[in-house]
Amino acid sequence: MKVDILTLFPNMFSSPFQESILGKAIEKGLIQIRTINIRDYALDKHQVVDDTPYGGGQGMVMKVEPIARAIEWVKSQAPSAWTIHLTPQGNPFNQKMAQNLSNRPHLILLCGRYEGIDERVRELFVDEEVSIGDYVLTGGELAAMVLIDAISRLLPGVLGSDRSAEEDSFFQSLLEYPQYTRPSSFRGVEVPEVLLSGNHSAIERWRRKEALRRTSKRRPDLLANAQLSSEDKKLLEEMLPKKSDG
Ligand code: 4GX
């Protein structure tokens with residue numbers, strides 16, 4: 001997958017993409033990321049990219065021409081690239097969107113600053129607006145990184161192959177079950193006995209039940225949309241609330 005990031009702050013992207021899983025994916029060529037400085041596409045000699053809003057009001061608005069020229073430059077190489085604007089006005093980002101976007105060969109991520117971008121950018125060049133949540137960032141850069149991180153781990157070869165299979169089916173749209181590793185006792189808190197039992201079907205059942213417990217307690221909205229088997233419904237019914245779930 002190719003990703004072009006249009007930003008006024010390309011340096012923000014250097015270290016997150018050098019580390020760990022994302023760094024390896026880039027090294028392996030599974031994902032190609034470029035940053036494009038919108039300022040390089042400004043037309044005047046002072047490379048101005050913002051201006052005061054028509055109608056008055058606070059702050060500055062990103063000018064249409066530099067963004068238009070930057071997008072058109074990318075599109076001249078990749079006409080079918082899909083252009084996303086990161087903004088709190090967009091569709092809320094979720095795993096389903098990450099999955100759909102992971103099938104696109106080329107993304108353009110447009111990161112705005114100030115009070116936003118001239119509306120004509122959206123009208124003429126943007127295919128989709130995406131929000132990573134109901135809070136206000138200082139710019140779209142961190143939101144773009146969130147998208148890239150969530151999408152990259154779904155690309156073939158980025159994680160172990162067995163990982164994605166599990167995610168797809170059984171545990172989709174449930175919260176995760178609790179995890180433990182050694183030691184089996186820490187400051188008087190014991191690892192649940194079943195996990196030490198070696199009884200794999202009992203372990204599976206316990207994990208499913210704990211995932212259901214957490215989801216019903218913390219995110220009942222997710223449970224309403226989950227595909228539950230009759231066994232799941234039985235597990236939910238026999239469940240007593242646990243103190244540790246609040
Ligand atoms: N999920 N921001 C965009 C500039 C801006 C201001 C007003 C449009 C209108 C964000 C988010 C986010 C901060 C990116 C403001 N754009 N992006 N930026 N939440 O908060 O994606």
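Overall, the ratio between the Cα radius of gyration of the stretch 166-228 and 2.2 N^0.38 Å, rounded to two decimals, is 1.25.
Computed over the alpha carbons of the stretch 35-100, Rg followed by Dmax gives 15.1, 44 Å.
Kindly state, as a whole number, the per residue volume in cubic angstrom of the convex hull around the alpha carbon atoms of the stretch 103-210.
Per residue, the Cα convex hull of the stretch 103-210 comes to 181 Å³.
For the stretch 32-123, give the share of DSSP beta bridges that are antiparallel, in percent and rounded to the nearest 5; count only bridges with both residues there. Please report the intermediate quantities before stating the final value.
Working: 2 of 8 bridges.
DSSP beta bridges in the stretch 32-123 are roughly 25 percent antiparallel.
Distance check, please: which entries in 96/217; 96/233; 24/217; 63/96 exceed 26 angstrom between their Cα atoms? Table pairs above 26 Å Cα-Cα are 24/217; 63/96.
What's log10 of I(q)/I(0) for the chain at q = 0.10, 0.11, 0.13, 0.17 Å⁻¹, Debye sum over Cα points only, no solvent? Debye output, listed in q order: -0.64, -0.74, -0.91, -1.24.
Ordered by the number of other Cβ atoms lying within 10 Å of each residue's own Cβ, fewest first, 9, 93, 186 fall into the sequence 186, 9, 93. Global size of the stretch 88-133: 11.6, 32 Å for Rg and Dmax (C-alpha atoms, Rg to one decimal, Dmax whole).
Normalised by the number of residues in the chain, what is the relative contact order in percent for Cα pairs under 8 Å and 6+ residues apart? Each step should come with its number before you reach the end.
Working: 327 pairs, mean separation 45.4, N = 246.
Reported as a whole number, the value is 18 percent.
Diffusion of the stretch 1-141 by Stokes-Einstein, at 10 °C in a medium of 1.306 mPa s and with Rh set to the Kirkwood radius over alpha-carbon pairs, works out to 100 µm²/s.
Where a number appears in this text, it was derived from the coordinates with a stated rule and is not lab data. As the structure is a computational prediction, the values presented were derived from the model and not from experiment. All Cβ positions, glycine included, derive from the backbone under ideal geometry; neighbour counts span all protein chains shown.
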